[in-house]
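Asker: Okay, handing you the structure first.
The values are calculated or read from the model by the stated rules, or taken from the named source; none is laboratory data. Worth saying up front: this structure is predicted, and the values here are computed from it rather than measured. No Cβ is skipped: glycine too gets one built from the backbone with ideal geometry, and neighbour counts run over all protein chains shown.
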Amino acid sequence: MKTGRVNPIILLIIVACLLYALYNSVSILLLGLFGETTVGTLTSYSNRLDESRAPSNESRTVAKGYRFTVGGREYQGHSTYKSDEAWPNLKEGERRTELISYLAFFPRVNKPTHLVDFDELGVGGVFFYLVTIVGSVILLVLLRREMRRT
């Protein structure tokens with residue numbers, strides 16, 4: 001017997017995905033507009049080749065862990081993104097620095113600067129994040145309306 005109700009676990013997964021997309025897009029735009037920049041230290045680095053014939057900046061998946069200090073307090077972050085970047089992995093005791101953007105009023109929101117720089121994102125990148133924000137909000141509103149109907 002069908003009741004027309006959505007499984008609550010499926011609903012929770014959908015809402016979590018939409019909220020994550022919203023958080024990620026808003027944080028990238030806020031960091032690009034209002035972010036402060038500092039020098040951080042990489043704590044981990046790895047990359048893997050996904051597709052050797054992929055378009056520019058899509059051939060590898062790069063994962064970075066980093067730490068930085070703001071106002072005498074240390075913060076940590078991690079970022080995974082697509083790129084053509086292929087540095088060797090960090091060796092024991094090796095030190096590499098990275099520019100980190102963070103929000104002055106809430107440094108836990110942070111990313112490597114090159115991921116939030118509007119010049120590097122380009123018009124298409126900024127447009128993508130704006131569409132993601134608007135689309136996520138619309139889908140959340142539609143989902144809420146649909147759930148009230150059932």
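Asker: Which of the numbered conditions does GLY72 fail, given that it passes all the others? Conditions: (1) in contact with a strand residue (DSSP E or B) (Cβ under 6 Å, 6 or more places away or on another chain); (2) under 22 Å from THR113 (Cβ atoms); (3) of a type outside the set (Val, Ile, Thr).
Answerer: (1) is the only condition that GLY72 fails.
Asker: Those residues that are of a type in the set (D, E, K, R) and in a strand (DSSP E or B), I need them from the stretch 1-49; list them, please. It would help to see each step written out before you state the result.
Answerer: Within the stretch 1-49, the first condition is being of a type in the set (D, E, K, R), and the residues that meet it are 2, 5, 36, 48.
The answer is GLU36, ARG48.
Asker: Within the stretch 131-150, work out how many residues are at pLDDT 95 or above, surrounded by 13 or more Cβ atoms within 10 Å (Cβ to Cβ) and either more than 19 Å from the chain's Cα centre (by Cα) or of a type in the set (S, T, N, Q) (or both).
Answerer: Final tally of qualifying residues: 4.
Asker: Please state which of the following conditions VAL70 fails to meet, knowing it meets all the rest: (1) touching a residue at least 24 places away in the same chain (Cβ under 8 Å); (2) within 20 Å of the chain's Cα centre (by Cα); (3) not assigned by TED's automatic domain parsing to the domain that holds VAL137.
Answerer: Every condition holds for VAL70 apart from (2).
Asker: Just checking, how many residues over the stretch 78-99 are charged (D, E, K, R) and either within 20 Å of the chain's Cα centre (by Cα) or surrounded by 11 or more Cβ atoms within 10 Å (Cβ to Cβ) (or both)? Can you show your working first?
Answerer: Going through the stretch 78-99, the residues charged (D, E, K, R) turn out to be 82, 84-85, 91-92, 94-96, 98.
Within this subset, residues satisfying the condition of being either within 20 Å of the chain's Cα centre (by Cα) or surrounded by 11 or more Cβ atoms within 10 Å (Cβ to Cβ) (or both) are 82, 84-85, 96, 98.
Adding up the residues that qualify gives 5.
Asker: If you take the residues of the stretch 52-77 that are of a type outside the set (Lys, Arg) and surrounded by fewer than 12 Cβ atoms within 10 Å (Cβ to Cβ), which of them is nearest to LEU42 (Cα to Cα)?
Answerer: Residues of the stretch 52-77 of a type outside the set (Lys, Arg): 52, 54-59, 61-63, 65-66, 68-72, 74-77.
Of the ones still in play, those that are also surrounded by fewer than 12 Cβ atoms within 10 Å (Cβ to Cβ) are 52, 55-56, 71-72, 74.
Details: SER52: 26, PRO55: 27, SER56: 24, GLY71: 19, GLY72: 18, GLU74: 13 Å.
Applying the filter and picking the extreme gives GLU74.
Asker: Could you list, in sequence order, the residues of the stretch 9-48 that are surrounded by 11 or more Cβ atoms within 10 Å (Cβ to Cβ) and under 22 Å from PRO88 (Cα atoms)?
Answerer: Across the stretch 9-48, the qualifying residues are VAL39, GLY40, THR41, LEU42, THR43, SER44, TYR45, SER46, ASN47.
Asker: Name the residues in the stretch 78-103 that are at pLDDT 95 or above and farther than 16 Å from LEU42 by Cβ, would you?
Answerer: Within the stretch 78-103, just LEU103 meets the criteria.
Asker: Within the stretch 30-41, is even one residue modelled with pLDDT of 95 or more and more than 26 Å from VAL126 (Cα to Cα)? Quick ask: steps written out before the conclusion?
Answerer: Of the residues in the stretch 30-41, the ones modelled with pLDDT of 95 or more are 30-41.
Applying the additional criterion that residues be more than 26 Å from VAL126 (Cα to Cα) yields 41.
Yes, that holds for at least one residue.
Asker: Now a separate question. Out of all the residues in the stretch 100-130, which are loosely packed, with under 14 Cβ neighbours inside 10 Å, touching a helix residue (DSSP H, G or I) at 6+ places or on another chain (Cβ under 8 Å) and closer than 15 Å to SER79 by Cβ?
Answerer: GLU120
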